[in-house]
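The values are calculated or read from the model by the stated rules, or taken from the named source; none is laboratory data. The model shown is predicted, which means the values in this text are computed figures rather than measured ones. Cβ placement follows ideal geometry from the backbone for every residue including glycine, while neighbour counts extend to all protein chains displayed. We work out accessible area using only protein heavy atoms, side chains counted, and drop any ligands, DNA or RNA first. Shrake-Rupley method; radii C 1.70, N 1.55, O 1.52, S 1.80 Å.
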Amino acid sequence: SPENLEIEPKMRVAWRLPRMFRASRSAGAARYRRIAMGVGAAAGFVGAATGIGAAAAAAPGEPRVFCFGSAQYNQLGLGTGKNMEIPTHIPSLDAEQIEQISAGLHTTAAVTRSGEVYTWGRGQRLVLGHGDRSEVPYPRVVEALRDAHVSHVALSENVAAAVDKEGSVYTWGSRALGRQGKGNLPEKVDIKEIRSVSCGPAHVLAVDGEGRLYAWGEGYEGALGLGDSDDRKTPTVVESLGRVKQVSCGAAFSLVVTEDGKLYSFGAGDYGQTAQGGGVNASRYTRTPTLVNALQRHKITHVAAGVYHAACVTDEGKVFTWGYGKDGQCGHGDRAVHSPLPRQLQGLAGVKAVKVSCGDGHTAVLCDQGDLYVFGRGRDGQLGRGDQLESVASYRTKPRSVEFFKRQGMRVLQVALGGYHSVVLAK
């Protein structure tokens, strides 16, 4: 609670006051404390920890951020440490005009229209970017990126990255290679004109404005696509690909969509996550970008890698999944451990998918009308269906609709899945 916060002078607080009540940074912590204590109840701080009320009313039509699932490390940003089984609004971000969200294993991030980055959750592996390993229970601005004007952020278990409006890339985290520092603060990478980035637990892929693909980090089992398993401390161009449109990193494997709609994979494939097929002659890994033949008749528009499974969307709005499926995260009505070939989801009849997101044991599908479907592990509430007459702890092996947003008259704009939690941007 605000009255228990100990704030040093000129230190930015973890929770946010409404703009009308904010003190200038030069005023110091004492002024923050007086304002918070004097108007906290009127400003809505009573409900800030539970998602009830708002620290500042969102402008009409502005997107709002919702979290649900595990709060073991306060990755929901509500400060309670309590799991949420239904989408729960984060009121402290209402006034911040959020444009993009991301989720790591036990962490969450949001980027504002003005280019600020907020992170919260587990700080043990330095992926919050605040300079230490402290757990952060509420959205807190990353001071080291304040002047960068960030447009995109990506979180993973041990590495995080951000791209600014100029195309520069910053990385941080306990396993962020190629840095001068220790990973506790964002540091600029020697690479320019980047338009998107994705992080695995120990490697990074980035795409520049010309569609070139760069890879760096740990190269275990060929995760970098450079023909070997060596680590790279500096961004290295991945050859043998056309113009790249989008990338997604899993645990020691990578997925790449080219501008002509082809899907390539490389890295570890123990559970079929590279979609290169199974059988006695199948390789455990693919060290160079390899076409996913099973999908070459389809035009792929979006792909997402989870920890050991993956999903993609075609230009017709069809969804295919593959890889590790013991928790039902492949959505085919079973819990197959090893699915080495993409299979089309049959539980989305009548809807057109546009994006997918994969966590550890759950998957989400975003449709063109703003509807959200989920499947897989739900024991921590990460499927957001706690308002349905069903066991939250049960696995959902086929797609199920998240009805909360429909009932609120809201359209889902983005979804990001962490290890055991989910984040949604909706309006």
task = Mind checking which strands (runs of 3 or more DSSP E) fall wholly inside region 321-387 and carry at least 2 residues that are free of Cβ contacts under 8 Å to residues at least 40 places away in the same chain and either over 24 Å from Q75 (Cα atoms) or open to solvent by 20 Å² or more (accessible area, probe 1.4 Å) (or both)?
result = 339-344
remark   = Over region 183-208, the set of residues part of a strand (DSSP E or B) and open to solvent by 40 Å² or more (accessible area, probe 1.4 Å) is E187, K188, R195
message = Going by what's in this entry, would E259 be described as within 24 Å of the chain's Cα centre (by Cα) and loosely packed, with under 14 Cβ neighbours inside 10 Å?
response = yes
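Does K398 satisfy being part of a strand (DSSP E or B), closer than 18 Å to S248 by Cα and among the basic types (K, R)?
Against the criterion (part of a strand (DSSP E or B), closer than 18 Å to S248 by Cα and among the basic types (K, R)), K398 does not qualify.
Is one or more of the residues making up region 122-129 within 17 Å of the chain's Cα centre (by Cα), open to solvent by less than 30 Å² (accessible area, probe 1.4 Å), closer than 16 Å to S422 by Cα and not charged (D, E, K, R)?
No, region 122-129 contains no residue that is within 17 Å of the chain's Cα centre (by Cα), open to solvent by less than 30 Å² (accessible area, probe 1.4 Å), closer than 16 Å to S422 by Cα and not charged (D, E, K, R).
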key: region 136-161, residues that are of a type in the set (D, E) and under 18 Å from the mean Cα position of the chain (by Cα)   = E157
ask   = Just for region 349-392: of the residues that are in contact with an Asp or Glu (Cβ under 6 Å, 6 or more places away or on another chain) and of a type outside the set (D, E, K, R), which one is nearest to H332 (Cα to Cα)?
value = G376
ask   = Conditions: (1) open to solvent by 10 Å² or more (accessible area, probe 1.4 Å); (2) more than 19 Å from L128 (Cβ to Cβ); (3) part of a loop (DSSP other than H, G, I, E, B); (4) touching a residue at least 40 places away in the same chain (Cβ under 8 Å). G211 meets all but one. Number of the miss?
value = (1)
ask   = On the given criteria, is K326 farther than 23 Å from L413 by Cα, basic (K, R) and under 22 Å from the mean Cα position of the chain (by Cα)?
value = yes
ask   = Of the conditions (1) assigned to a loop (DSSP other than H, G, I, E, B); (2) at negative phi; (3) open to solvent by 20 Å² or more (accessible area, probe 1.4 Å); (4) touching a residue at least 40 places away in the same chain (Cβ under 8 Å), G81 fails just one. Which one is it?
value = (2)
request  = Hey, can you tell me all the residues within region 214-235 that are open to solvent by less than 20 Å² (accessible area, probe 1.4 Å), assigned to a loop (DSSP other than H, G, I, E, B) and touching a residue at least 24 places away in the same chain (Cβ under 8 Å)?
outcome  = A223, L224, G225
message = Just to verify a result, which residue in region 260-288, among those that are more than 25 Å from G317 (Cα to Cα) and either assigned to a strand (DSSP E or B) or touching a helix residue (DSSP H, G or I) at 6+ places or on another chain (Cβ under 6 Å) (or both), is modelled with the lowest pLDDT?
response = Y285
query = Can E116 be described as over 25 Å from A364 (Cα atoms) and either at pLDDT 95 or above or surrounded by 23 or more Cβ atoms within 10 Å (Cβ to Cβ) (or both)?
reply = yes
